[in-house]
1. Looking at segment 212-221, can you tell me whether even one residue there is over 14 Å from the mean Cα position of the chain (by Cα), modelled with pLDDT of 95 or more and in a strand (DSSP E or B)?
2. Looking at segment 162-172, can you tell me whether even one residue there is assigned to a loop (DSSP other than H, G, I, E, B) and surrounded by 14 or more Cβ atoms within 10 Å (Cβ to Cβ)?
3. Report whether or not residue 158 is closer than 22 Å to residue 242 by Cα and part of a loop (DSSP other than H, G, I, E, B).
4. Being in contact (Cβ under 8 Å) with a residue 60 or more places away in the chain, outside the structural domain of residue 204 (by TED's automatic domain parsing) and in contact with a strand residue (DSSP E or B) (Cβ under 9 Å, 6 or more places away or on another chain) narrows it down to one residue among 68, 153, 91; which is it?
5. Check segment 146-164 and report whether any residue there is under 29 Å from residue 222 (Cβ atoms) and of a type in the set (A, V, I, L, M).
6. Just to verify a result, which residue in segment 223-260, among those that are surrounded by fewer than 16 Cβ atoms within 10 Å (Cβ to Cβ) and aliphatic (A, V, I, L, M), is modelled with the lowest pLDDT?
7. Exactly one of (1) closer than 30 Å to residue 245 by Cα; (2) more than 20 Å from the chain's Cα centre (by Cα); (3) at pLDDT below 95 is unmet by residue 25. Its number?
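The values are calculated or read from the model by the stated rules, or taken from the named source; none is laboratory data. Keep in mind that what you see is a predicted model, and the values were worked out from it rather than measured. All Cβ positions, glycine included, derive from the backbone under ideal geometry; neighbour counts span all protein chains shown.
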Amino acid sequence: MSKKQEVISRLFQICRRKGDMTFDNDMVKAVSREIGFKNPFDATKVDHSHLLPQDVREADYYILHLGEGRHRFVKGIDVGYHRFEPIADEERIPWKYRPSVLNELDTSESNILSVASNQRVLHDFLYEDIVASPKVYNARRTKISFSFFAGQERIETTNLQMEIDMTLEYQRVVTVIEGKNKFPPDFAVYQIYFPFRYYHILNEKHNLNLEQVQACYILRQRRASQSTLRFYLYTFDETDNMASIRLTKKAEYVLLRRSS
């Protein structure tokens, strides 16, 4: 068990003993000091379910953020995490391109999104049009308060801070983008649900007349300087319920280098 998992496990035990599954950053810092985990701000960020400690997984809990330094263990891992759907053979697309100087220099999330956009793969997947010109809004952090359901459990947030990797706007459709390295089995649903809900709230508050808000997850795997990109497009059938996530389409692009 990693030190981060030890911290989460100890927090879970404390919450169960006191009969309150909500905890705050002060408790996280105290437990981190006790265990010797040096990055308490990262302790509650669990991108994939297999990274949860065993006792938390067996009890069927995961972590949600509530804002203002508060968090909660919530029942129902199948609500908190969504498994990436398998890619069928007919969804695999060879994509010829001439790599730019900076294409394969790093595997950061921003580089993943830049490659997908610069090579027009993202445009082909989202709009089936490589010359489409969506408005691009780069990575940002924002805060908002709202309530929602995680399955049957009602969650209240206050000044919840969220990170949005990228946002595209095209013909009154807003697409929030999340990017990650490698091909993990699942992802924390809040990563795309919170930005999805944020733009729905803005749409209602400011009468933006958006036709749709959707979320695109991009995964990248590199082997021998060759990148494979997987795209998953999701929506939520019930705007106020994180459990209503639904895949609308998916594809895999294998980037094949052209000779110069």
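1. Yes: segment 212-221 contains one or more residues that are over 14 Å from the mean Cα position of the chain (by Cα), modelled with pLDDT of 95 or more and in a strand (DSSP E or B).
2. Yes, segment 162-172 contains a residue that is assigned to a loop (DSSP other than H, G, I, E, B) and surrounded by 14 or more Cβ atoms within 10 Å (Cβ to Cβ).
3. Answer is yes for this residue.
4. Only one candidate qualifies: 68.
5. Among the residues of segment 146-164, at least one is under 29 Å from residue 222 (Cβ atoms) and of a type in the set (A, V, I, L, M), which makes the answer yes.
6. So the residue we want is 224.
7. (3)
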